[in-house]
Amino acid sequence: MNDFNLNRFLMVLRLDFAVGRRQLMVYTAGGVMVYLFYFWFAYNVGMRAVVVNDMASYINSICEAVAMFGVMTMYMFFLVVASTLWRHEQPKAGRTMHLMLPATPAEKFLSRWVYMLVLSVTAGCLTFFVADALHIVWLWLTDKPVVAATAYFLKAFKIDFSQGAHSILSLEIAIHAFFLLGGVVLRKFHFVLTAIAAFMLFTTMMYFLTTDQPYMKPVPILWWHAGVAVLFVVLTCVFTVAAYRVYSRWQVVTHKLLNR
């Protein structure tokens, strides 16, 4: 069997989407409900203490707050999806069926990665636009000033490289790759155990990278951010390759907690 065949890959991809169709629908509906709950909470609880003198500014502040929590929720959802991507293959029956698929590990791994990307973007990001559209309709029907939260939501994705945002972005991508690795290595408690390990690892790294060390003083801030970004890009590659290497060595009979 060849290392990678496009036709086999597309067949595995179709299977992944067919099996995960219900999951995609549930997560998408759940994402809309979560974002709508944020709007409701901001109106009825979070902003209740504010004296409303200007309704337009009041709704604008609500949309801004909802967008901020929406971005945080979306990234957390990305991590959950990455760490639980192979949860159906952890029982012996599901693992046996998955390993018997007539495709190479590279094809199955890449197919599941594409499915993860589509699921994350659809249920984590696009659902915010749907919830915001429903909120806008509600504002229009209740004769309130129409303000969209989407603009604030998209503002979080604007990268200003002059301010070193690329180092933060590379850190977020590296954390996501680490959660993908955790989902491949672990058989149980994927998100919780990976989150604990990620907190310990990246907190320690950021401590040594941000503490005023003697070797950092002669380094210009722009070059420091560039070096940190390169470091996290390398770690992203290491975590992703390690996840694939562990996945390609999966066996039917394995440890109760670890895939080894």
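The values are calculated or read from the model by the stated rules, or taken from the named source; none is laboratory data. Here the structure is a predicted model, which means the values were calculated and not measured. In this analysis, Cβ positions are derived from the backbone assuming ideal geometry, glycine residues included, and neighbour counts consider all displayed protein chains. We work out accessible area using only protein heavy atoms, side chains counted, and drop any ligands, DNA or RNA first. Shrake-Rupley method; radii C 1.70, N 1.55, O 1.52, S 1.80 Å.
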Only one of (1) open to solvent by less than 20 Å² (accessible area, probe 1.4 Å); (2) under 26 Å from ASN259 (Cβ atoms); (3) at pLDDT 90 or above; (4) not hydroxyl-bearing (Ser, Thr, Tyr) does not apply to VAL66, and that is (2)
Every residue from the stretch 16-47 that is among the β-branched types (Val, Ile, Thr) and open to solvent by 50 Å² or more (accessible area, probe 1.4 Å): VAL19, VAL26, VAL34, VAL45
Considering only residues that are hydroxyl-bearing (Ser, Thr, Tyr), in contact with a helix residue (DSSP H, G or I) (Cβ under 7 Å, 6 or more places away or on another chain) and open to solvent by less than 60 Å² (accessible area, probe 1.4 Å), look in the stretch 221-260 and name the one that is modelled with the lowest pLDDT. SER248
Looking at the stretch 164-220 only, could you name the residues that are assigned to a loop (DSSP other than H, G, I, E, B), of a type outside the set (A, V, I, L, M) and either modelled with pLDDT of 95 or more or loosely packed, with under 14 Cβ neighbours inside 10 Å (or both)? LYS188, PHE189, THR211, ASP212, GLN213, LYS217, PRO218, PRO220
Residues of the stretch 111-127 that turn out to be within 10 Å of GLY31 (Cβ to Cβ), of a type outside the set (Val, Ile, Thr) and crowded, with 21+ Cβ neighbours inside 10 Å, as a count: 2
Would the stretch 10-18 turn up any residue that is in a helix (DSSP H, G or I) and either of a type in the set (Gly, Ala, Ser) or at pLDDT below 90 (or both)? yes
Over the stretch 80-102, the set of residues small (Gly, Ala, Ser) and open to solvent by 10 Å² or more (accessible area, probe 1.4 Å) is ALA93, GLY94
